[in-house]
1. Please give the contour-minus-distance gain from GLN112 to ARG33: 0.36 nm per residue of separation, less the Cα-Cα distance, rounded to one decimal in nm.
2. For the stretch 95-143, with only Lys/Arg (+1) and Asp/Glu (-1) charged at the beta-carbon, what is the dipole magnitude about the Cα centre, in debye rounded to 20?
3. Quick one: net charge around ARG5, please, counting Lys, Arg +1 and Asp, Glu -1 for every other residue with C-beta under 10 Å from its C-beta.
4. Can you compute the label reach from SER165? Point 7 Å from Cα along the Cβ direction, backbone N cut-off under 12 Å, restricted to the stretch 69-108.
5. Applying a 10 Å radius around every beta-carbon, put 51-57, 34-40, 145-151 in order of their mean neighbour count, most first.
6. Give me the percent of the accessible area of the chain that comes from carbon and sulfur atoms, probe 1.4 Å, all protein chains in place.
7. Take every Cα pair under 8 Å in the stretch 45-169 that's 6+ residues apart, average their separations, divide by the length, and report that relative contact order as a whole percent.
8. Quick one: Kirkwood hydrodynamic radius for the chain, alpha-carbon pairs, angstrom, one decimal?
Amino acid sequence: PNRVRGHLQPLRIRRDSHWNVPEPEITLVLNPRLQIVGLTVGNDMSSRDIEGDNPLYLPQAKCYDACAGLGPWISLLNPLPPVEQIGVELKIERGQQTVFSGQTTAAEMARQFEDLVSWLGRDNEFPHGAFLMTGTGIVPNSDFTLQVGDVVQITIDHVGTLSNSIIQS
């Protein structure tokens, strides 16, 4: 939790990486019994060049200070809308220009929410519940990298828009 930032708080790119991208993700809100009780918006940032050097470097590419964003709130949805109605949109602004945008839906995901939750719960307990980022379907091309000052906006239908500026420290 100490690596996660909220809505309108800055997210950080690593100094030792030259290819940093946001990963917009539908984030499941789970109770201690691992039941889906709601959704929020997630940004699971990645330093792709570090990850690409060696698959064993995945923790370094994804887990560092201010590497993820959640918010702007939790939408309690019972029942959840059909997956084809849960759209995901990514927009990255640099200055006054949109330098990247993309869209997808939960229907395009390779695994269903319940399948992801069942894998998380195998041999694990979460006495306070958990947030489960479900993976991304939108990634900028390999010639794109985030820059200091960029603003990443991720919108998930039925939830809201998470907005974070990008810093480097």
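The values are calculated or read from the model by the stated rules, or taken from the named source; none is laboratory data. From a predicted model like this one, the values you see are computed outputs, not experimental measurements. Cβ sites come from the backbone with ideal geometry, for glycine too, and all protein chains shown count toward neighbours. Only protein heavy atoms, including side chains, enter the accessible area calculation; ligands, DNA and RNA are left aside. Shrake-Rupley method; radii C 1.70, N 1.55, O 1.52, S 1.80 Å.
1. 26.6 nm
2. In debye, rounded to 20, the stretch 95-143 gives about 80.
3. Here the charged neighbours net out to +1.
4. Label zone hits: 95.
5. Ranked from most to least packed, the peptides come out as 34-40, 145-151, 51-57.
6. 50 percent
7. Reported as a whole number, the value is 27 percent.
8. Final number for the Kirkwood radius of the chain is 16.3 Å.
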